[in-house]
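Trainee: Provided herewith is a single structure, encoded as structure tokens, for subsequent inquiry.
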Amino acid sequence: MASPDVALQLIDLQKEWMAAWARRDRAALEAILAPEFTLTSPASPDPVSREPWLELATTEGGSDRYRYEDFHITVIEEQATVRSLAIQTITVEGVDASEALLVTDVWIRRGDRWQVASRHSRVPPAPAET
């Protein structure tokens, strides 16, 4: 379990990351993403590394709106796992790509700051029919 202060810090960082993405702020994104960052998502069959993600996020990317729900945070020494439900409203190349995603982010503390090293996202399973 994470201490309340660390948990709040990580939640703020999650929100800061998505706010930087929304405004296409490359400098802020570079500070947040660790050099080894990778993204695994339903949008790509292969993991996307840091530089291609930054390029997409700052030229074509940027979510119109992004919110998190239901955080679960585990911190073990200098690593944190943040699981959440993320709801994004986004248009990619003129096409609505809005969706809800189950997201797992791995953060690494380096010195006095946290950086995100990986994100894995997937579409939640459909509710079971009764």
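The values are calculated or read from the model by the stated rules, or taken from the named source; none is laboratory data. Being a predicted model, the structure only gives us computed values, none of them experimental. Glycine also receives a Cβ, built like all others from the backbone with ideal geometry; neighbour counts cover every protein chain displayed. To get the accessible areas, we keep the full protein, side chains included, count just its heavy atoms, and leave off ligands, DNA and RNA. Shrake-Rupley method; radii C 1.70, N 1.55, O 1.52, S 1.80 Å.
Trainee: Show me the helices (runs of 4 or more DSSP H) found entirely inside the stretch 1-100 where at least 2 residues are surrounded by fewer than 16 Cβ atoms within 10 Å (Cβ to Cβ) and among the acidic types (Asp, Glu).
Mentor: Result: 4-22, 50-59.
Trainee: Within the set of pairs 6 or more residues apart or between chains, which connect a residue that is at negative phi inside the stretch 105-126 to a residue that is modelled with pLDDT under 95 and open to solvent by less than 30 Å² (accessible area, probe 1.4 Å) with Cβ atoms less than 6 Å apart?
Mentor: Ser121/Ser41; Ser121/Leu101
Trainee: A follow-up question, please. Tell me which residues, restricted to the stretch 88-130, are touching a Lys or Arg at 6+ places or on another chain (Cβ under 9 Å) and at pLDDT 90 or above.
Mentor: Listed by number, the residues that qualify are Leu101, Leu102, Val103, Thr104, Asp105, Val106, Gln115.
Trainee: Shifting gears a bit: How many residues does the stretch 63-115 contain that are closer than 13 Å to Trp21 by Cβ and touching a Leu at 6+ places or on another chain (Cβ under 6 Å)?
Mentor: 1
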